[in-house]
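The values are calculated or read from the model by the stated rules, or taken from the named source; none is laboratory data. This is a predicted model, so every value here is computed, not measured. Neighbour counts are summed over all protein chains in view; Cβ atoms, including those assigned to glycine, are modelled from backbone coordinates with ideal geometry. What goes into the accessible areas is simple: the full protein's heavy atoms, side chains included, and nothing from ligands, DNA or RNA. Shrake-Rupley method; radii C 1.70, N 1.55, O 1.52, S 1.80 Å.
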There are 2 protein chains.
Amino acid sequence: MDARHAVLFEPVAIGPKTLPNRFYQVPHASGFGSAMPRTQAAFRGIKAEGGWGGVCVEYAPVSADADETPAIAADIWDKADAEALALAARAIHDHGALAGLELYHGGASSPNGGSRFPRLAPSQFASEQQWGGPAKEMTADDIGRLQREWVRAARQAADAGFDIVYVYGAHGYLMTQFLSTVTNRRTDGYGGSLANRGRFWLETMDAVRAEIGGQCAVATRIALHGDSGVPGAETLPGIEIDDMLALVRMADDMVDLWDVTVGSWPEDSGTSRYYPEGSQRRWTRRMREATAKPIVAVGRYTSPDLMAEVIRSGEVDLIGSARQAIADPFLPRKVAEGRLDEIRECTGSNLCILREEAFRHVGCVQNATAGEEFRRGWHPETFAPTTGPDRPVLVVGAGPAGMECAVVLAKRGFGAVHLVEAEPEIGGRLRWTRRLPTLGDWGRITDWRMIQLARQPCVTVITGRRLRAADVLDYGAELVVIATGSSWRTDGVQPGHPEPMPGADASLPHVLTPEQVCAGKRPPGRQVVVYDTDGYYVAPGIAELLAADGYEVTVVTTFAVLSPVSDETLEGEMLRAHVHRAGVRVSHATTITEIVPGQVRGHDRYGDAWSADCDAVVLVTQQASEDGLYLELAGDPPALEAAGIRAVHRVGDAVAPRLLSEVVFDGHRLAREIDSPDPATPLPFLRERTDLG
Amino acid sequence: MDARHAVLFEPVAIGPKTLPNRFYQVPHASGFGSAMPRTQAAFRGIKAEGGWGGVCVEYAPVSADADETPAIAADIWDKADAEALALAARAIHDHGALAGLELYHGGASSPNGGSRFPRLAPSQFASEQQWGGPAKEMTADDIGRLQREWVRAARQAADAGFDIVYVYGAHGYLMTQFLSTVTNRRTDGYGGSLANRGRFWLETMDAVRAEIGGQCAVATRIALHGDSGVPGAETLPGIEIDDMLALVRMADDMVDLWDVTVGSWPEDSGTSRYYPEGSQRRWTRRMREATAKPIVAVGRYTSPDLMAEVIRSGEVDLIGSARQAIADPFLPRKVAEGRLDEIRECTGSNLCILREEAFRHVGCVQNATAGEEFRRGWHPETFAPTTGPDRPVLVVGAGPAGMECAVVLAKRGFGAVHLVEAEPEIGGRLRWTRRLPTLGDWGRITDWRMIQLARQPCVTVITGRRLRAADVLDYGAELVVIATGSSWRTDGVQPGHPEPMPGADASLPHVLTPEQVCAGKRPPGRQVVVYDTDGYYVAPGIAELLAADGYEVTVVTTFAVLSPVSDETLEGEMLRAHVHRAGVRVSHATTITEIVPGQVRGHDRYGDAWSADCDAVVLVTQQASEDGLYLELAGDPPALEAAGIRAVHRVGDAVAPRLLSEVVFDGHRLAREIDSPDPATPLPFLRERTDLG
């Protein structure tokens, strides 16, 4: 270990417990909750195995009026829930870490559509997040009942083996709703003055401490006011930082660990597009003014040097991590063993959050094994040896899927893996994506794999060589993996419109694809329309790039908002504000069906005719797999046999263009399963089942 | 039984099975899938008990590449899934009905985010429904594999006890994607000619029939082209009705039951706002041209007379129902017993679909027990007698919650239930809601309860009497239920803005609430802004009402689309087109913060200043509970004791303004649980648990 990093491995006492080191996986959602207990246990256990000294499960609603359906949370409404969660505590303990559970109530933010209990809040206001009407203003009975539920849940968490029990007070949920003057308009002892607004939180902590204080560390998660200056970032109104610090002083005797977040969730989990590493420090460092107790704060830290510096500064005691602990569960061990160049750095894309929110199953663009520990039996650092190491493998295409596939094949013991790329450098679509404004950190996907490929003696990387089918047949490989990626349609084909769009032809000067723009093709004239039916980062990125070059840019999108997919990564509002500040205009809910000289034509949201003048159009309509090489090879079994090729597979966008997390997963999966009878079809995975009673 | 209806009770042979009558609950989603097997079984079993001769479970994905996460479907990927679903088959059989399972593949519409398999489609096009990139064009191997999965699933369904096994070909899913020239651009034997496009479907049916044909009825669900003329209704492009009928002729030998739908889901499950009862008939009656086999079709039929007429016409053999079977599982029995006035008629609000889609738990605005059969042990027709029938009950307020509460209290055997309403007629907010354009059928919520109340000798309904606290204390009741509802804020308070809006005061002539408009208050001038931060039916309804009166109306909404909640009821696009045709304009994503003479002011989606000229403003910002009476009574225990009142409860909007389905549920729940120790808090309910392995 580098001596600079030794400070990170000091034990830290928190109340009656001691963390073995300063690496702390803060509570974060996974989609597993208490509904998928074995998946949850394996997902958290791997972090303990990788060296994180404290590992928490996600938000745990204490009662049926904090029902998060359709989201999945670690409900701890009763003893059976606690028994399900106990599997995670045990898995964490198996590797010597402490286990934490974040007891939670969402107040007005909990939809309660599953349980059908009334939503609760300090005062009766409608939530901007939750349609269906305003919540019930909590009565004194409601307050007492919820506090009893919290205590009951704390007792059950302790009995289930958790070492650290939270009173969750951050991110705009019930505790924060009491603290904020915007959402708390009460005139009784729970509203008005700072002490009154804090009473619900303080009383709950006091009661929890009375129940389990001797046995568990009592943690609380709070939000300091963030005002990052990032346009579009929601902030939490109604609680000033100095007020919050005053409350910290009031509560300090009751707290064993302060878990400090900043502002709203999109700000606290800010992406690399808009927030640099450690962006929260300017607020979180103020915590030390108010407490000498242990503090944990996050900062999407990926650098051990910066982690050590943050600890040495004294501002916090623990390095909190959610996303980096997903990207590399073994970061602490790698630091301890000086294997710094093996650390998979989080890209800050928030695809983990997109997967958890949209698909109820966390995943990671850097770590394909995240969330797959139980059901597919995958481990991020160990790989089953192949049954046929002597078969030479050729991987064609060094994009995200091809790179990942080659790395995993090498780790599985294949003796010779050739990764051949047509372009002068590896990276596939990341070659240009990482050069779009604000997307630089996504390049870490390439960078980590480039280092891994270089470290594997069995791997040969060849760039600048475009293989045709005949070249592949002549190559001398026994296994071939085609990873030739995808490209943007040049003809305006778009969802619901299978025919090429009249006038759309990217061989013309005034019609462009995203790749062409990134490769330097520039539109004639001044006015450019970027037409987006894709809905994610490409259209806004191209628009911003061209605006910076002095073009007057309008994004015409079929969606009601620009880049709706960015809402799934918490970036939507920031992205829209960012693009607006760059001078880009947007036409919403509009479909283009024709390009004519000087104009695009189509229809608006009601189907009425619409047109706009412009000099050029960039088509961000949809991607098409580059599957010609695969189809040619796979369609000629005799030629393959004659060439000694036992199998041709394909991965990534060459199968179907997908999110980056999914193409990396696909490359990884094929490499893991290449010895199965039908590698094109993923092997069945273990599933959690409902007890049939 | 009325002799007119006898035809509905004739048995119908379908292949090797015989349905006991012509009432058939078609497959429809519930949110229970195979993940909540006991909930599913109880929900379906109650329909069999109520007399439906055929009862189906919902869509059942046959493989992991039809993964519907985050939606919940009746996955039948393997034997353990089939064992979970067998509980439903058994519950249906317990009452003599036949059980159906709808084997399904969504193709490009299946998100596959949970399983992470590539999405599949006949050709590589992006889906308008599913972001994340276009699907994989299925290879010949994929086609063969899926057909084997379908056969395997059919075998497991048969072994699990299902009598009717579907090959699902409707609603735009995989079979339809093959049939449509828009989504199928293949050049092999599965694309091109009609016979080729139908090949996947025909081959799959043939293979399923070969596996289970002797044992089970083979059903298929198809879509006939719908073009209802309702603006905004999606239609399914690429398959003309005559082509579909030609395919029916090709497939007819293999099919035991034709389940016929119309167009897309929003059209097929059209709401009462835009589609009358039986709207599908003009297409579905054409099926008889192509087949003599049994046909089932839906039509949101609520009238037994119309049902019998449809059967007698010969166009179909079975009355298909989804929504009416939710609203009244006992409809067939009530028809059989001539109790026609007890039938709870479906309102066609699609709140069942909203609940299933948004909250993963079906519910019903007419039938509060829907979905609650297992977990709360509720039966739609039987009620546990109260332990204290002699306590006189006073229900204050005859809106949806108060009416429902009074009905259930009466059915539980309370000897005297007084329902006292301040207004001249009962109905609460429905009094004016049902008079908004297109919302007339929602009045069935009132109508059914009015009849029930009149039939219960223990119930006294008093209208036109506004009770103050002193009146309640003097009333002579031992139990009091306050159901005083809610009203729209008159001061412009809106989500995120707790202070009244400057200039917003509905006592002024140019500022109005929805109730005021419905009561006849009309804005001065010509130009009216309807300001909507609610997002559902009120703002568009008021806008349309005023437009019909000749006003120039603009809805200013904080949402990116008008009435986003209507997307959850499948009405969004139709509602927006409808309002547009009525001449109403819309300003999207705009917040009003001030009303000044002749103008509203605020900011646009980027926070930039915005204003619009207008003569008047209708505030549809948020509702406030009318809880004054409750709080006054509940806050004075000595007065209650002196008056002999043992308890004061409240239900519905007086607790928190909610969706109509939820306030009816709330009134029902309190009546069921009024003898519990703490009736304000719903009793714990049974939950399905994950096997801990």
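Summary table
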read-out: Surface per residue (accessible, 1.4 Å probe) for region B:464-538, Å²; value: 38 Å²
read-out: Dimensionless Rg ratio for region A:298-382, taking C-alpha atoms and the 2.2 N^0.38 Å reference; value: 1.15
read-out: Integer Hz, Karplus 6.51/-1.76/1.60 couplings in order for region B:30-46, x for Gly and Pro; value: 10, x, 9, x, 9, 7, 10, x, 6, 5, 4, 4, 5, 5, 7, x, 5
read-out: Computed helical MRE - 222 nm, chain A, DSSP H runs ≥ 4 contributing -39500 (n - 2.57), nearest 500; value: -8500 deg cm²/dmol
read-out: Shielding by other protein chains, B:120-128, mean Cβ within 10 Å; value: 5
read-out: Number of partner chain Cβ atoms within 10 Å, mean per residue of B:177-183; value: 1
read-out: Label spacing, shortest first and in nm, from A:Ala639 to its equivalents in the remaining copies (7 angstrom along Cα→Cβ); value: 9.1
read-out: Ranked packing of A:126-138, B:44-56, B:183-195, A:383-395, most packed first, by mean Cβ within 10 Å; value: B:44-56, A:126-138, A:383-395, B:183-195
read-out: Length added when fully stretched, A:Arg522-A:Ala609, from 0.36 nm per residue minus Cα-Cα; value: 28.4 nm
read-out: Note, ³J(HN,Hα) from phi for region B:589-602, Karplus 6.51, -1.76, 1.60, rounded to Hz, x at Gly and Pro; value: 6, 10, 10, 9, 10, 7, 10, 10, x, x, 7, 10, 10, x
read-out: Considering only chain A, percent of DSSP beta bridges that pair antiparallel, nearest 5; value: 20 percent
read-out: Rg/Rh for region B:520-577, where both radii come from Cα atoms and Rh is the Kirkwood radius; value: 0.99
read-out: Length-normalised contact order for chain B - Cα pairs under 8 Å, 6+ apart - percent; value: 11 percent
read-out: Gyration tensor (alpha-carbon) shape descriptor, region A:196-287, a/c threshold 1.5; value: prolate
read-out: 17 Å Cα-Cα reach of B:Lys293 towards lysines, excluding residues that sit fewer than 8 places from it in its own chain; value: B:Lys17
read-out: Gyration tensor (alpha-carbon) shape descriptor, region B:83-219, a/c threshold 1.5; value: prolate
read-out: Region A:244-298, relative contact order in percent, only Cα pairs under 8 angstrom and at least six apart counted; value: 58 percent
read-out: Links that overshoot a 31 Å alpha carbon limit, given the list A:Lys411/A:Lys521; A:Lys79/B:Lys411; A:Lys79/A:Lys334; A:Lys79/A:Lys136; value: A:Lys411/A:Lys521; A:Lys79/B:Lys411; A:Lys79/A:Lys334
read-out: Base-10 log of normalised Debye intensity for region B:152-215 (one unit scatterer per alpha-carbon) at q = 0.17, 0.18 Å⁻¹; value: -0.63, -0.68
read-out: Relative contact order %, region B:598-643, counting alpha carbon pairs below 8 Å whose residues are six or more apart; value: 24 percent
read-out: For the protein assembly as shown, fraction of C-alpha pairs farther apart than 52 Å, in %; value: 27 percent
read-out: Sequence-distant residues sharing a close amide H with A:Val555 (under 5 Å, placed H); value: A:Val530, A:Arg585, A:Val586, A:Ser587
read-out: Modelled label reach - B:Met1, point 7 Å along Cα→Cβ, region B:327-359 residues with backbone N closer than 15 Å; value: B:331-340
read-out: For region A:678-692, residues shielded by at least 30 square angstrom of accessible area compared with the chain on its own, probe 1.4 Å; value: A:Thr681, A:Pro682, A:Phe685, A:Arg687, A:Arg689, A:Thr690, A:Asp691, A:Leu692
read-out: Extent along principal axes [Cα atoms of region A:50-164; Å; largest to smallest]; value: 46, 26, 21
read-out: Net charge over other residues, Cβ less than 11 angstrom from the Cβ of A:Val310 (K, R count +1; D, E count -1); value: -1
read-out: For region B:54-197: accessible area per residue (Å², 1.4 Å); value: 26 Å²
read-out: Peptide B:653-662 - average C-beta neighbours from other chains (10 Å radius); value: 5
read-out: Other-chain or far-sequence residues with amide H under 5 Å of B:Leu98's (modelled H); value: B:Gly54, B:Val55
read-out: Difference of contour (0.36 nm per residue) and Cα-Cα distance, A:Asp243 to A:Ala470; value: 74.6 nm
read-out: 5 angstrom amide H check on B:Trp610, placed H, neighbours 5+ away; value: B:Gly602, B:His603, B:Asp604
read-out: Interface area, B with A, accessible, probe 1.4 Å, both sides summed, Å² nearest 100; value: 7500 Å²
read-out: Percent accessible area from carbon and sulfur atoms, region B:384-511, protein chains only, probe 1.4 Å; value: 53 percent
read-out: Share, in percent, of DSSP beta bridges within the protein assembly as shown that are antiparallel, nearest 5; value: 20 percent
read-out: Electrostatic dipole magnitude of chain B [Cβ: Lys, Arg +1; Asp, Glu -1; Cα centre; debye, to 20]; value: 820 debye
read-out: Phi-based couplings in Hz for region B:6-18 (Karplus 6.51, -1.76, 1.60; Gly and Pro marked x); value: 4, 4, 6, 10, 6, x, 9, 7, 10, x, x, 10, 10
read-out: Diffusion coefficient, µm² s⁻¹, Stokes-Einstein with Kirkwood Rh over alpha-carbon pairs of chain B at 25 °C and 0.890 mPa s; value: 91 µm²/s
